[in-house]
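Right, one structure below, let's go through it.
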Amino acid sequence: MAYTTSSDRPFKQKRRIWALWLLTVAFVTFQLIAHPGFGPESLFLTLLAQFGTLLIAFGIIGRIWSTIYIGGRKNCALVTQGPYSITRNPLCLFSLSMISGVCLVFGSLLFTGMFTLLAYLVFRYTAKREAVYLSHLFAQEIPSSPSP
């Protein structure tokens, strides 16, 4: 059977990777130019850094957990256990947690919001493309919603 849509081909991750690299360069550039408006010994900056560190640790542990469940089965089997039973894209969720954490460690709520939103948009785009491919690949295994 011939498919004319792109859903029968795996989604290439190059765009997502390039977008995230561009976000990284932009983040580092902004951090070199901008300085937080708080003193270097500010309690607020310390709390932001501590919370950011927790988000980074949460993201690392979550990515390890997700990787254990997906193993070498990506695009070979539809994984629905572990973190994949909670969200369809746990790797994106935990990466977003780490991105937010790194931004908070640098002490800028503005940059945290801005870069977290931009990374979310990249991950959302990627997730939609992957969903199209996975629905084609595992059409028999994905439960359909009942008709009203």
Exercise. How many residues are open to solvent by less than 70 Å² (accessible area, probe 1.4 Å), polar (S, T, N, Q) and free of Cβ contacts under 8 Å to residues at least 60 places away in the same chain when one looks only at the stretch 113-140?
Worked result: 1
Exercise. Looking at (1) at pLDDT below 85; (2) more than 23 Å from Tyr125 (Cα to Cα); (3) surrounded by 10 or more Cβ atoms within 10 Å (Cβ to Cβ), can you tell me which one Glu41 breaks?
Worked result: (3)
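Would you mind finding the one in Thr24, Thr46, Thr29, Thr53 that is in a helix (DSSP H, G or I) and either surrounded by 15 or more Cβ atoms within 10 Å (Cβ to Cβ) or modelled with pLDDT of 90 or more (or both)?
Working: Thr24 fails: either surrounded by 15 or more Cβ atoms within 10 Å (Cβ to Cβ) or modelled with pLDDT of 90 or more (or both); Thr46 fails: either surrounded by 15 or more Cβ atoms within 10 Å (Cβ to Cβ) or modelled with pLDDT of 90 or more (or both); Thr29 fails: either surrounded by 15 or more Cβ atoms within 10 Å (Cβ to Cβ) or modelled with pLDDT of 90 or more (or both).
From the options Thr24, Thr46, Thr29, Thr53, the qualifying one is Thr53.
Considering only the stretch 77-127, state which residues are part of a helix (DSSP H, G or I), closer than 15 Å to Val28 by Cβ and of a type in the set (S, T, N, Q).
Residues of the stretch 77-127 that are part of a helix (DSSP H, G or I), as a first pass: 82-85, 90-105, 109-127.
Those still in the list that are closer than 15 Å to Val28 by Cβ too: 99, 102-103, 105, 111-112, 114-115, 118-119.
Listed by number, the list holds a single entry, Thr112.
Among Thr67, Thr46, which is the only one that is under 30 Å from Val132 (Cα atoms) and among the polar types (S, T, N, Q)?
Numbers: Thr46 fails: under 30 Å from Val132 (Cα atoms).
Among Thr67, Thr46, only Thr67 is under 30 Å from Val132 (Cα atoms) and among the polar types (S, T, N, Q).
The values are calculated or read from the model by the stated rules, or taken from the named source; none is laboratory data. Just so we're clear, the structure is a prediction, and the values are computed from it rather than from any experiment. As a convention, Cβ positions derive from the backbone with ideal geometry for all residues, glycine included, and neighbour counts pool all protein chains shown. We work out accessible area using only protein heavy atoms, side chains counted, and drop any ligands, DNA or RNA first. Shrake-Rupley method; radii C 1.70, N 1.55, O 1.52, S 1.80 Å.
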